[in-house]
Each structure stands twice: as C-alpha cells, then as structure tokens.
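The values are calculated or read from the model by the stated rules, or taken from the named source; none is laboratory data. Computed from a prediction, not measured in an experiment: that's the story for all the values here. Because the Cβ atoms are built from the backbone with ideal geometry, glycine has one as well, and the counts that use them run over all protein chains shown. All accessible areas refer to the heavy atoms of the entire protein, side chains included, with ligands and DNA or RNA removed. Shrake-Rupley method; radii C 1.70, N 1.55, O 1.52, S 1.80 Å.
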Amino acid sequence: MEANMDLVYKDMVTKMQQKIKLELHRLKQQVTDEVVKVRTDTKLDFSLEKSRVKELFSLNERKLLEIKTEMVSLHAQQDRAVTQTDRKIDTEVAGLKTMLESHKLDNIKYLAVDFVTLSGGGQSMEDST
C-alpha cells in the first residue's frame with residue numbers, strides 16, 4: 001500500500017510539474033509575443049518619426065532656398081538702387097561742375113572787361129548789355 005501511495009504521490013507530483021511547466025511555457029510564450037509586439041511597434045514608431053524628420057528637413061531646405069533666393073533678389077535690387085543713386089549723384093556733380101566752370105568763365109570775362117575798362121580802353125560788358 002505504501003508503494004502504491006508512493007506511486008500515486010509521484011504521479012501527482014509529475015502531473016503537477018507538467019502543469020507548472022505548461023503554465024511556464026505559456027507565460028514565456030506570452031512574454032515573447034509581447035516583446036515581439038513592442039519591438040514591432042517601436043520599429044514602426046521609429047520609421048514614422050524618421051519619415052517625419054526627413055519631411056521637416058526637406059521643408060526647411062526649401063524654405064532656406066526660398067529665403068536665399070529672396071535675399072539675392074533684394075541684394076540685386078539694393079545694388080541697382082545704389083548704382084542708380086550713384087549715377088544721379090555723378091550727373092548732379094557733373095552739372096554743378098559745368099555750372100561752376102560757366103560761372104568761372106563769366107567771371108573771367110567780366111573781370112577782363114573791367115580790367116580793360118579800368119586800364120583805359122573800351123566799355124564794360126555790363127554797359128553793352
């Protein structure tokens with residue numbers, strides 16, 4: 001009877017160990033499945049984030065190119081305006097120089113006529129006008 005009890009006891013222990021092993025195996029499989037799921041989700045999240053960053057980078061590159069183009073355009077406009085202003089200044093200066101030379105010449109004429117008049121001969125240009 002004792003041997004029979006030992007057999008029953010061993011059989012119960014063996015069955016219990018098998019149940020525990022099966023439960024552990026099931027739990028291990030659940031954990032493995034969950035880890036795979038988390039890894040897959042993480043890879044997907046990283047891929048999506050990578051795509052988003054690339055898109056943002058591309059958008060920023062386009063904006064930078066637009067800003068550079070606008071800066072070049074504004075710089076060209078500024079250069080044209082400066083060149084135009086320089087030309088106007090040069091034209092004004094040339095006109096003033098011409099006027100100064102003309103006044104100088106008129107003054108020399110008047111001085112020469114006055115000198116000739118004072119020296120004793122002829123009338124001054126003021127009298128002839």
The stretch 1-38, residues that are under 60 Å from the mean Cα position of the chain (by Cα) and of a type in the set (S, T, Y): T32
Residues within the stretch 72-126 that are among the β-branched types (V, I, T) and either modelled with pLDDT of 95 or more or on the phi > 0 side of the Ramachandran plot (or both), tallied: 8
Cβ pairs under 7 Å, 6+ apart, first in the stretch 91-119 and of a type in the set (F, W, Y), second part of a helix (DSSP H, G or I): Y110/M125
Filtered residue count, the stretch 60-78, keeping only those that are acidic (D, E) and open to solvent by less than 100 Å² (accessible area, probe 1.4 Å): 1
